[in-house]
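J.: One structure, pasted below without further comment.
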Amino acid sequence: MKLPIDTSSITFMVATPAEPVRDFETKRPKLDPETGLPLFNVQLVALAEGGAEIIGVKLPGEPAGLAQGVPVNVLGLVATPWAMGDRNGVAFRATRIEPATKPASRSTS
């Protein structure tokens, strides 16, 4: 089950730049089954309600402009719980991650 996440009250920053997701056995880049684009993983710092968490987010296509420390907007973020044997967790996926735009500065003349 994919659970959509409302990111409107969460601030995200890049912790580590995007890296290609590779198939464990072949070491070839994994492709997104929906778009056919290569999958990338970005480590993000999620800041909300006085706490912070580092999460890995997968997305199709190589994102541009995501250097360490850059504030970003995460679009189409979903969480998918998983379990394998005695291990379990949550996988995060987004449709797009882009640098956050700064509000225009106002002159005080």
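Laboratory data are not the source of any read-out in this text; all were calculated from the coordinates shown. Remember, it's a predicted structure, so these values are computed and weren't measured experimentally. FYI the Cβ positions are ideal-geometry reconstructions off the backbone, even for glycines, and counts take in every protein chain you see.
J.: Hey, could you check region 8-60 for residues that are touching a Phe, Trp or Tyr at 6+ places or on another chain (Cβ under 6 Å) and of a type in the set (Val, Ile, Thr) and say which is farthest from Leu77 (Cα to Cα)?
T.: Ile55
J.: Still on this model: Could you pull out the residue among Thr7, Thr11, Thr26 that is closer than 13 Å to Ala94 by Cα and of a type in the set (Val, Ile, Thr)? Please lay out each step first, then the result.
T.: Numbers: Thr11 fails: closer than 13 Å to Ala94 by Cα; Thr26 fails: closer than 13 Å to Ala94 by Cα.
Being closer than 13 Å to Ala94 by Cα and of a type in the set (Val, Ile, Thr) holds for just one of Thr7, Thr11, Thr26, which is Thr7.
J.: Please determine, by comparing only the residues of region 78-97 that are among the polar types (S, T, N, Q) and either part of a strand (DSSP E or B) or in contact with a Ser or Thr (Cβ under 8 Å, 6 or more places away or on another chain) (or both), which one is nearest to Gly56 (Cα to Cα). Show your work before the answer.
T.: The first filter runs over region 78-97 and keeps only residues among the polar types (S, T, N, Q), leaving 80, 88, 95.
With either part of a strand (DSSP E or B) or in contact with a Ser or Thr (Cβ under 8 Å, 6 or more places away or on another chain) (or both) added as a condition, the list becomes 80, 88.
Values: Thr80: 12, Asn88: 15 Å.
In this case the residue turns out to be Thr80.
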